[in-house]
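Heads up: the structure comes next, in C-alpha coordinates.
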Amino acid sequence: MSVSDSMRAVRITRHGGPEVLEPTTVAVPTLQAGEVLVKVGAVALNNTDLWTREGAYGRPDDPKALSGWRGPIDFPRIQGADVAGRVVAVGAGVRGSLVGRRVVVDPAIYDTEGPDANPVGLMGSERDGGYAEYVTAPANRVHDVTESPLTDDQLAALPTAYGTALGMIERGRLRRGETALVSGASGGVGLALVQITRARGTRVIAISSGPKIDAVREAGAHEVVDRAGDIAEQIRAFAPEGIDVALDVVAGDLVGEGLPLLREGGRWVIAGALGGYGVTFDVRRLYLHNAQVIGSAMHTPAHFELLMDLARRAEVQPVIAAAFPLDQAAQAQEELSRRGHVGKIVMHP
(Lines give C-alpha, C1' and ligand atoms only; values in the text may rest on other atoms or scores of the structure.)
Protein backbone atom coordinates (compact mmCIF):
# COMPACT_ATOMS: atom_id res chain seq x y z
CA MET A 1 0.00 0.00 0.00
CA SER A 2 1.30 3.45 -0.86
CA VAL A 3 1.83 5.90 1.98
CA SER A 4 2.46 9.61 1.60
CA ASP A 5 5.39 11.33 3.28
CA SER A 6 3.25 13.70 5.35
CA MET A 7 0.06 13.43 7.36
CA ARG A 8 -2.48 15.52 9.22
CA ALA A 9 -2.21 15.33 12.99
CA VAL A 10 -3.26 17.14 16.16
CA ARG A 11 -0.59 17.62 18.80
CA ILE A 12 0.10 19.51 22.01
CA THR A 13 3.26 21.52 22.60
CA ARG A 14 2.54 22.36 26.24
CA HIS A 15 0.03 21.64 29.00
CA GLY A 16 -3.15 23.69 29.07
CA GLY A 17 -6.76 23.91 27.96
CA PRO A 18 -8.31 22.83 24.66
CA GLU A 19 -6.58 25.77 22.98
CA VAL A 20 -3.23 23.93 23.12
CA LEU A 21 -4.50 21.29 20.67
CA GLU A 22 -2.77 22.22 17.44
CA PRO A 23 -3.87 20.84 14.03
CA THR A 24 -0.76 20.50 11.93
CA THR A 25 0.96 18.61 9.12
CA VAL A 26 3.90 16.43 10.12
CA ALA A 27 6.00 13.67 8.61
CA VAL A 28 4.54 10.17 8.67
CA PRO A 29 6.38 8.37 11.50
CA THR A 30 9.35 6.26 10.44
CA LEU A 31 8.99 2.55 10.98
CA GLN A 32 11.47 0.90 13.31
CA ALA A 33 12.33 -2.79 13.37
CA GLY A 34 9.51 -4.80 14.92
CA GLU A 35 6.87 -2.13 14.27
CA VAL A 36 3.88 -1.71 11.98
CA LEU A 37 2.38 1.41 10.46
CA VAL A 38 -1.38 1.69 10.97
CA LYS A 39 -3.67 3.94 8.94
CA VAL A 40 -6.08 5.23 11.57
CA GLY A 41 -9.74 4.49 10.86
CA ALA A 42 -11.02 5.86 14.16
CA VAL A 43 -9.52 7.12 17.40
CA ALA A 44 -11.54 7.26 20.62
CA LEU A 45 -11.26 9.90 23.32
CA ASN A 46 -10.66 9.19 27.00
CA ASN A 47 -10.29 11.13 30.22
CA THR A 48 -6.58 10.34 29.92
CA ASP A 49 -6.51 12.72 26.94
CA LEU A 50 -7.87 15.55 29.08
CA TRP A 51 -5.63 14.85 32.06
CA THR A 52 -2.49 14.40 29.94
CA ARG A 53 -3.22 17.64 28.11
CA GLU A 54 -3.77 19.41 31.43
CA GLY A 55 -0.79 17.72 33.09
CA ALA A 56 -3.14 16.65 35.87
CA TYR A 57 -1.55 13.36 36.91
CA GLY A 58 1.10 14.81 39.22
CA ARG A 59 4.14 12.89 40.47
CA PRO A 60 4.52 10.67 43.54
CA ASP A 61 6.88 13.23 45.10
CA ASP A 62 4.82 16.24 44.01
CA PRO A 63 1.07 15.61 43.46
CA LYS A 64 0.61 19.14 42.06
CA ALA A 65 3.36 18.88 39.45
CA LEU A 66 2.35 19.05 35.78
CA SER A 67 2.76 15.56 34.40
CA GLY A 68 1.59 13.11 31.81
CA TRP A 69 0.29 9.65 32.63
CA ARG A 70 3.63 8.46 33.99
CA GLY A 71 5.88 11.50 34.10
CA PRO A 72 6.94 14.59 32.13
CA ILE A 73 5.69 14.78 28.54
CA ASP A 74 8.22 14.91 25.72
CA PHE A 75 6.66 17.73 23.67
CA PRO A 76 5.40 18.01 21.00
CA ARG A 77 3.10 15.04 21.57
CA ILE A 78 0.36 13.60 19.36
CA GLN A 79 -2.43 12.49 21.69
CA GLY A 80 -4.79 9.54 21.32
CA ALA A 81 -4.49 6.12 22.97
CA ASP A 82 -7.31 4.23 21.28
CA VAL A 83 -6.80 3.30 17.64
CA ALA A 84 -8.52 1.01 15.17
CA GLY A 85 -7.37 0.89 11.57
CA ARG A 86 -5.46 -1.11 8.96
CA VAL A 87 -1.81 -2.06 8.72
CA VAL A 88 -0.28 -0.39 5.65
CA ALA A 89 3.42 -1.18 6.16
CA VAL A 90 5.68 -3.28 8.37
CA GLY A 91 9.19 -2.82 9.68
CA ALA A 92 12.09 -5.23 9.62
CA GLY A 93 11.35 -8.57 11.27
CA VAL A 94 7.57 -8.28 10.95
CA ARG A 95 5.61 -10.68 8.76
CA GLY A 96 4.28 -9.04 5.61
CA SER A 97 0.95 -10.85 5.86
CA LEU A 98 -0.15 -8.23 8.40
CA VAL A 99 -0.42 -5.61 5.65
CA GLY A 100 -4.07 -4.95 4.91
CA ARG A 101 -5.31 -6.51 8.13
CA ARG A 102 -7.81 -4.66 10.31
CA VAL A 103 -6.32 -4.17 13.77
CA VAL A 104 -6.79 -2.69 17.22
CA VAL A 105 -3.69 -1.32 18.95
CA ASP A 106 -2.96 -2.14 22.59
CA PRO A 107 -1.95 1.35 23.78
CA ALA A 108 -0.07 0.23 26.91
CA ILE A 109 3.69 0.39 27.27
CA TYR A 110 4.62 -2.45 29.61
CA ASP A 111 7.35 -2.87 32.19
CA THR A 112 8.39 -6.28 30.86
CA GLU A 113 7.38 -9.02 28.45
CA GLY A 114 4.92 -11.68 29.47
CA PRO A 115 1.15 -11.97 29.95
CA ASP A 116 1.03 -10.32 33.38
CA ALA A 117 3.20 -7.26 32.64
CA ASN A 118 2.16 -3.96 34.18
CA PRO A 119 1.43 -0.84 32.10
CA VAL A 120 3.98 1.91 32.79
CA GLY A 121 3.28 4.15 29.81
CA LEU A 122 0.52 4.99 27.37
CA MET A 123 0.30 5.81 23.71
CA GLY A 124 -0.66 9.47 23.41
CA SER A 125 1.27 10.33 26.57
CA GLU A 126 4.60 8.50 26.66
CA ARG A 127 4.66 8.00 22.87
CA ASP A 128 2.77 9.52 19.96
CA GLY A 129 -0.79 8.35 19.50
CA GLY A 130 -3.70 8.26 17.12
CA TYR A 131 -4.79 11.90 16.69
CA ALA A 132 -3.31 11.50 13.21
CA GLU A 133 -3.74 9.76 9.88
CA TYR A 134 -1.05 7.21 10.74
CA VAL A 135 0.53 5.80 13.88
CA THR A 136 3.28 3.25 14.52
CA ALA A 137 3.02 0.48 17.10
CA PRO A 138 5.03 -2.60 18.09
CA ALA A 139 3.86 -5.53 15.99
CA ASN A 140 3.21 -7.61 19.12
CA ARG A 141 0.79 -4.92 20.33
CA VAL A 142 -1.54 -4.93 17.33
CA HIS A 143 -4.39 -7.42 17.33
CA ASP A 144 -5.98 -8.73 14.15
CA VAL A 145 -9.75 -8.16 14.28
CA THR A 146 -10.39 -8.34 10.55
CA GLU A 147 -13.31 -10.72 11.01
CA SER A 148 -15.03 -8.72 13.77
CA PRO A 149 -18.49 -7.39 12.86
CA LEU A 150 -17.86 -4.32 15.04
CA THR A 151 -17.32 -0.99 13.27
CA ASP A 152 -14.04 0.90 13.43
CA ASP A 153 -15.70 3.36 15.82
CA GLN A 154 -16.72 0.52 18.15
CA LEU A 155 -13.31 -1.14 17.94
CA ALA A 156 -11.56 2.15 18.74
CA ALA A 157 -13.78 2.48 21.81
CA LEU A 158 -12.35 -0.71 23.31
CA PRO A 159 -8.67 -0.37 24.33
CA THR A 160 -8.60 2.05 27.26
CA ALA A 161 -12.21 1.95 28.48
CA TYR A 162 -12.90 -1.76 28.05
CA GLY A 163 -9.30 -2.70 28.80
CA THR A 164 -9.48 -0.75 32.05
CA ALA A 165 -12.85 -2.35 32.86
CA LEU A 166 -11.59 -5.87 32.22
CA GLY A 167 -8.48 -5.19 34.29
CA MET A 168 -10.67 -4.06 37.19
CA ILE A 169 -12.91 -7.12 36.91
CA GLU A 170 -9.98 -9.53 36.77
CA ARG A 171 -8.07 -7.89 39.63
CA GLY A 172 -11.27 -7.79 41.68
CA ARG A 173 -11.73 -11.55 41.13
CA LEU A 174 -15.39 -11.05 40.27
CA ARG A 175 -17.25 -14.35 40.14
CA ARG A 176 -20.54 -15.47 38.61
CA GLY A 177 -23.45 -14.94 41.00
CA GLU A 178 -21.81 -12.11 42.94
CA THR A 179 -23.17 -8.58 43.25
CA ALA A 180 -21.10 -5.81 41.70
CA LEU A 181 -21.40 -2.06 42.22
CA VAL A 182 -20.34 0.11 39.26
CA SER A 183 -19.74 3.83 39.74
CA GLY A 184 -19.67 6.39 36.92
CA ALA A 185 -21.75 3.95 34.93
CA SER A 186 -22.65 6.21 31.99
CA GLY A 187 -19.04 6.89 31.00
CA GLY A 188 -16.85 4.83 28.74
CA VAL A 189 -15.34 2.65 31.47
CA GLY A 190 -18.61 2.52 33.39
CA LEU A 191 -20.67 1.23 30.46
CA ALA A 192 -17.91 -1.28 29.70
CA LEU A 193 -18.06 -2.51 33.29
CA VAL A 194 -21.84 -2.86 33.13
CA GLN A 195 -21.72 -4.82 29.87
CA ILE A 196 -18.89 -7.16 30.84
CA THR A 197 -20.05 -7.87 34.38
CA ARG A 198 -23.59 -8.56 33.16
CA ALA A 199 -22.21 -10.95 30.52
CA ARG A 200 -20.30 -12.78 33.26
CA GLY A 201 -23.44 -13.61 35.19
CA THR A 202 -23.07 -10.95 37.86
CA ARG A 203 -25.84 -8.90 39.43
CA VAL A 204 -25.03 -5.30 38.51
CA ILE A 205 -25.95 -2.25 40.58
CA ALA A 206 -24.87 0.91 38.76
CA ILE A 207 -24.57 4.53 39.89
CA SER A 208 -25.55 7.21 37.38
CA SER A 209 -27.31 10.55 37.04
CA GLY A 210 -31.02 10.87 36.39
CA PRO A 211 -31.02 11.68 32.64
CA LYS A 212 -28.71 8.74 31.89
CA ILE A 213 -30.35 6.06 34.03
CA ASP A 214 -32.37 4.52 31.18
CA ALA A 215 -29.27 4.19 28.98
CA VAL A 216 -27.32 2.53 31.81
CA ARG A 217 -30.18 0.12 32.46
CA GLU A 218 -30.36 -0.63 28.73
CA ALA A 219 -26.63 -1.46 28.79
CA GLY A 220 -27.38 -4.24 31.27
CA ALA A 221 -27.59 -2.87 34.82
CA HIS A 222 -30.11 -4.72 36.98
CA GLU A 223 -30.56 -1.72 39.28
CA VAL A 224 -29.49 1.92 38.89
CA VAL A 225 -28.74 4.24 41.80
CA ASP A 226 -29.44 7.92 41.17
CA ARG A 227 -26.34 9.76 42.34
CA ALA A 228 -28.47 12.83 43.15
CA GLY A 229 -30.00 10.96 46.10
CA ASP A 230 -28.58 9.18 49.14
CA ILE A 231 -26.27 6.71 47.38
CA ALA A 232 -25.60 4.45 50.36
CA GLU A 233 -29.29 4.23 51.27
CA GLN A 234 -30.23 3.27 47.70
CA ILE A 235 -27.52 0.61 47.53
CA ARG A 236 -28.71 -0.89 50.84
CA ALA A 237 -32.24 -1.04 49.44
CA PHE A 238 -31.08 -2.89 46.31
CA ALA A 239 -28.55 -5.11 48.12
CA PRO A 240 -29.52 -5.47 51.79
CA GLU A 241 -26.94 -8.22 52.25
CA GLY A 242 -24.18 -6.07 50.81
CA ILE A 243 -22.05 -6.04 47.66
CA ASP A 244 -19.17 -8.34 46.79
CA VAL A 245 -17.12 -6.09 44.54
CA ALA A 246 -17.16 -2.35 43.88
CA LEU A 247 -15.76 -1.28 40.50
CA ASP A 248 -15.07 2.38 41.07
CA VAL A 249 -13.88 5.15 38.75
CA VAL A 250 -15.20 7.95 40.99
CA ALA A 251 -13.44 7.50 44.39
CA GLY A 252 -13.64 10.65 46.56
CA ASP A 253 -16.32 10.46 49.26
CA LEU A 254 -17.83 7.35 47.69
CA VAL A 255 -15.06 5.15 49.07
CA GLY A 256 -15.67 6.09 52.69
CA GLU A 257 -19.44 5.87 52.28
CA GLY A 258 -19.34 2.61 50.38
CA LEU A 259 -16.80 0.44 52.20
CA PRO A 260 -19.27 -0.41 55.01
CA LEU A 261 -21.56 -1.85 52.29
CA LEU A 262 -19.07 -4.59 51.34
CA ARG A 263 -19.80 -8.14 52.41
CA GLU A 264 -17.20 -10.16 54.29
CA GLY A 265 -14.17 -10.54 52.04
CA GLY A 266 -15.39 -7.83 49.67
CA ARG A 267 -13.14 -6.00 47.21
CA TRP A 268 -13.19 -2.31 46.31
CA VAL A 269 -11.35 -1.76 43.01
CA ILE A 270 -10.37 1.80 42.06
CA ALA A 271 -9.27 2.88 38.57
CA GLY A 272 -10.15 6.57 38.58
CA ALA A 273 -10.92 9.56 40.75
CA LEU A 274 -13.62 11.64 39.06
CA GLY A 275 -14.96 12.44 42.53
CA GLY A 276 -11.61 13.53 43.96
CA TYR A 277 -8.21 12.10 44.86
CA GLY A 278 -8.51 12.57 48.60
CA VAL A 279 -10.12 9.60 50.33
CA THR A 280 -10.94 9.08 54.01
CA PHE A 281 -12.29 5.86 55.50
CA ASP A 282 -12.34 3.82 58.67
CA VAL A 283 -9.61 1.16 58.30
CA ARG A 284 -11.60 -1.18 60.55
CA ARG A 285 -13.83 -1.77 57.52
CA LEU A 286 -10.80 -3.55 56.05
CA TYR A 287 -9.07 -5.53 58.77
CA LEU A 288 -12.17 -6.60 60.70
CA HIS A 289 -13.96 -7.80 57.57
CA ASN A 290 -11.13 -9.14 55.39
CA ALA A 291 -11.94 -6.47 52.83
CA GLN A 292 -9.50 -5.14 50.27
CA VAL A 293 -8.95 -1.86 48.41
CA ILE A 294 -7.29 -2.60 45.08
CA GLY A 295 -5.72 -0.16 42.64
CA SER A 296 -6.10 -1.02 38.97
CA ALA A 297 -4.25 0.77 36.16
CA MET A 298 -5.55 -0.31 32.80
CA HIS A 299 -4.91 -3.93 31.78
CA THR A 300 -2.23 -6.58 31.32
CA PRO A 301 -1.41 -8.21 27.95
CA ALA A 302 -3.45 -11.23 29.08
CA HIS A 303 -6.45 -9.02 29.86
CA PHE A 304 -6.17 -7.37 26.44
CA GLU A 305 -6.12 -10.75 24.70
CA LEU A 306 -9.39 -11.60 26.47
CA LEU A 307 -10.84 -8.29 25.33
CA MET A 308 -9.88 -8.90 21.70
CA ASP A 309 -11.56 -12.31 21.84
CA LEU A 310 -14.75 -10.54 22.96
CA ALA A 311 -14.34 -8.06 20.09
CA ARG A 312 -13.91 -10.75 17.46
CA ARG A 313 -17.13 -12.40 18.63
CA ALA A 314 -18.89 -9.03 19.16
CA GLU A 315 -19.77 -10.06 22.71
CA VAL A 316 -19.51 -6.42 23.75
CA GLN A 317 -21.25 -3.60 21.90
CA PRO A 318 -19.63 -0.22 22.61
CA VAL A 319 -22.02 2.73 22.50
CA ILE A 320 -20.83 5.63 20.33
CA ALA A 321 -22.10 8.96 21.57
CA ALA A 322 -20.63 11.26 18.89
CA ALA A 323 -18.07 11.42 16.10
CA PHE A 324 -15.92 14.42 15.12
CA PRO A 325 -13.44 15.08 12.32
CA LEU A 326 -9.81 15.20 13.43
CA ASP A 327 -9.50 18.95 12.99
CA GLN A 328 -12.23 19.42 15.62
CA ALA A 329 -10.20 17.72 18.36
CA ALA A 330 -10.59 20.72 20.68
CA GLN A 331 -14.38 20.64 20.33
CA ALA A 332 -14.39 16.88 20.84
CA GLN A 333 -12.40 17.17 24.06
CA GLU A 334 -14.66 19.95 25.30
CA GLU A 335 -17.66 17.71 24.64
CA LEU A 336 -15.95 14.92 26.60
CA SER A 337 -15.21 17.23 29.53
CA ARG A 338 -18.87 18.31 29.82
CA ARG A 339 -19.84 14.67 30.56
CA GLY A 340 -23.30 15.11 29.12
CA HIS A 341 -23.00 12.10 26.83
CA VAL A 342 -23.46 8.36 27.26
CA GLY A 343 -20.79 6.14 25.71
CA LYS A 344 -17.69 7.03 23.72
CA ILE A 345 -16.67 9.98 21.57
CA VAL A 346 -14.55 9.18 18.52
CA MET A 347 -12.71 11.11 15.81
CA HIS A 348 -12.05 10.30 12.15
CA PRO A 349 -8.80 11.46 10.51
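Could you tell me whether ARG267 is among the charged types (D, E, K, R), farther than 22 Å from ARG173 by Cβ and in contact (Cβ under 8 Å) with a residue 12 or more places away in the chain?
Details: among the charged types (D, E, K, R): yes; farther than 22 Å from ARG173 by Cβ: no; in contact (Cβ under 8 Å) with a residue 12 or more places away in the chain: yes.
Considered against the rule, which asks whether it is among the charged types (D, E, K, R), farther than 22 Å from ARG173 by Cβ and in contact (Cβ under 8 Å) with a residue 12 or more places away in the chain, ARG267 comes out as no.
Would you call GLY177 buried (at least 23 other Cβ atoms within 10 Å of the Cβ) and part of a loop (DSSP other than H, G, I, E, B)?
Values: buried (at least 23 other Cβ atoms within 10 Å of the Cβ): no; part of a loop (DSSP other than H, G, I, E, B): yes.
Criteria not met by GLY177.
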Study note, to complete from the structure: Taking the range 107-133 and keeping residues open to solvent by 10 Å² or more (accessible area, probe 1.4 Å), part of a loop (DSSP other than H, G, I, E, B) and closer than 16 Å to VAL83 by Cβ leaves GLU126, ASP128, GLU133
Study note, to complete from the structure: Apart from one, (1) over 24 Å from ASP152 (Cα atoms); (2) at pLDDT 95 or above; (3) open to solvent by less than 50 Å² (accessible area, probe 1.4 Å) all hold for GLY58; the odd one out is (2)
Review point. With respect to GLY93, is the statement that it is without any contact (Cβ under 8 Å) to a residue 12 or more places away in the chain, small (Gly, Ala, Ser) and surrounded by fewer than 19 Cβ atoms within 10 Å (Cβ to Cβ) true?
Key: no
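Answer yes if at least one residue in the range 151-168 is open to solvent by less than 20 Å² (accessible area, probe 1.4 Å), outside any helix (DSSP H, G or I) and closer than 30 Å to SER97 by Cα, and no otherwise. Quick ask: steps written out before the conclusion?
First, pick out the residues of the range 151-168 that are open to solvent by less than 20 Å² (accessible area, probe 1.4 Å): 155-168.
Those still in the list that are outside any helix (DSSP H, G or I) too: 157.
Filter once more, so that each one left must be closer than 30 Å to SER97 by Cα: 157.
Checked the range 151-168: at least one residue is open to solvent by less than 20 Å² (accessible area, probe 1.4 Å), outside any helix (DSSP H, G or I) and closer than 30 Å to SER97 by Cα.
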Point to revise | Failed condition for ALA291, given (1) more than 18 Å from the chain's Cα centre (by Cα); (2) farther than 21 Å from GLU178 by Cα; (3) among the small types (Gly, Ala, Ser) | key: (2)
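The values are calculated or read from the model by the stated rules, or taken from the named source; none is laboratory data. In this text the structure is predicted, and so the values were computed from the model without any measurement. Note that we place each Cβ from the backbone using ideal geometry, even for glycine, and neighbour counts take in every protein chain shown. The protein model used for the area step is the full one, side chains on, heavy atoms only, and it has no ligands, DNA or RNA in it. Shrake-Rupley method; radii C 1.70, N 1.55, O 1.52, S 1.80 Å.
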